[in-house]
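One structure below.
Taken together, the values in this text are just the output of simple stated rules run on the coordinates, not laboratory data. These numbers come from a predicted model, not from an experiment. Here Cβ is always computed from backbone atoms with ideal geometry, including for glycine, and neighbour counts include all displayed protein chains.
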Amino acid sequence: MQDLDIDTTTKAVLEQMALTSDPRLREIMEAAVRHVHDFAREVKLTPEEWLKGIGFLTAVGQMCTPYRQEFILLSDVLGLSRLVNLMHDSQGRDEAATETSLLGPFFREKAPEIALGGSIISTMKGQEIVIFGQVTDPAAQGVPGAEIDVWQTDAEGQYDLQANDPSVMDMRGRLRCDAEGRFHFRTEKPVGYSIPMDGPVGGLVRQQSRHGFRPAHIHVLVTAPGHRELITALYFGDDPHIDSDTVFGVSASLVITESAGLAGNPLPNLPGIRYDFTLSPASDGAGGRVGSDPSKLMPTG
């Protein structure tokens, strides 16, 4: 029998966990217990407050469905998704490579294939634009045949899974770069949107006096043999929330603006955006995306 006090409780828990056979699980859980206990001591957490916290976490779990993952939304708005992404990015990304951004929960495998110059939008509702550029390696050499997946919201701020029957794919596509790594495709300019605010995470965001909006963006996933998978997004600089993304996904190097008369635009009748993606060489343990089926994780985007 142990007479535990405020300080010795943590030690007792760690001692019981010491025989955990998986060393990584033991490391993670020991750190989690230490930090959670330190948190409770720091804020002098009361039983009533902890029960309220348990109720909040229970509600987060109850809000999850095959097409909505409220816990990922919670991770996003706390900046934890961004932090984990940055730590992963620091392991193996070449300094010259394009910065990564959040995969988001709206990625779907096997998007429709489109030819170079094709459109990812079935019915154009907003401003049509062309995005073009080149996929290169850190030595600025084109990566032939690189595959690019792109997905985005429509001109009303909805992804296809929100706007249509889930079986319908729209506002997304896959294209193959040419022998020099060059690409171009047509789309419409997306708009920013609010994360779902009807659940417990939305309620927390409101209590924190936060707006809950994501700036307009286009998701991009680039793959090529011998190179580290690139997961990123391009953010439109004229969006009013470009400096206050509620899930902290924006980096300055990923901000874009469309313009008319852009040099090299293969479709000069349309406003254009040029963006070149640079891939890191592949290395052990580098690349890959978190989660085996991200198409089912849908709180933000």
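Quick notes
- Inter-part distance where segment 182-248 and segment 92-117 are each reduced to a Cα centre, Å: 13 Å
- For the chain, the longest principal axis of the alpha carbon atoms and the long axis of helix 23-43 meet at an angle near 70°.
- In the chain, the longest principal axis of the Cα atoms and the axis of helix 47-63 are about 40 degrees apart.
- When the Cα positions of L161, A263, F71 are compared along the charge dipole of the chain, L161 comes out farthest toward the positive end, with charges on each C-beta of Lys, Arg, Asp and Glu.
- Which labelled figure in (1) 18.9, 58; (2) 22.1, 80; (3) 18.8, 73 is Rg and Dmax of the Cα atoms in Å, once derived from the coordinates: (2)
- The magnitude of the dipole of segment 8-63, with charges of +1 and -1 set on the Cβ of Lys/Arg and Asp/Glu and taken from the Cα centre, is near 20 debye.
- Two-site FRET efficiency, L262 against E229, from Cβ-Cβ distance with R₀ of 25 Å, rounded to 0.05: 0.35
- Helical contribution to [θ] at 222 nm, DSSP H n ≥ 4, -39,500 (n - 2.57), averaged over the chain, rounded to 500: -8000 deg cm²/dmol
- Dipole moment magnitude, nearest 20 debye, segment 60-110 about Cα centre, only Lys, Arg, Asp, Glu C-beta charged: 260 debye
- Label-point separation, E30 to I6 (7 Å along Cα→Cβ), nm: 2.6 nm
- Between A282 and L86, the FRET efficiency estimated from the beta carbon spacing at R0 = 25 angstrom works out to 0.80.
- All lysines inside 30 Å of K44 as judged from Cα atoms, apart from same-chain residues fewer than 8 positions distant: K11, K52
- Segment T123-T65, extension gain: residue separation times 0.36 nm, minus the distance between their alpha carbons: 18.0 nm
- Angle in degrees between helix 80-89 and the longest Cα principal axis of the chain, rounded to the nearest 10: 60 degrees
- Within the same chain, lysines fewer than 8 places from K125 are excluded, and of the rest, those with a Cα less than 25 Å from its Cα are K110, K189.
- Spin-label model distance (nm) - A252 vs E48, 7 Å beyond Cα toward Cβ: 4.7 nm
- Test item: Cα-centred dipole of the chain, Lys/Arg +1 and Asp/Glu -1 on Cβ, debye: 320 debye
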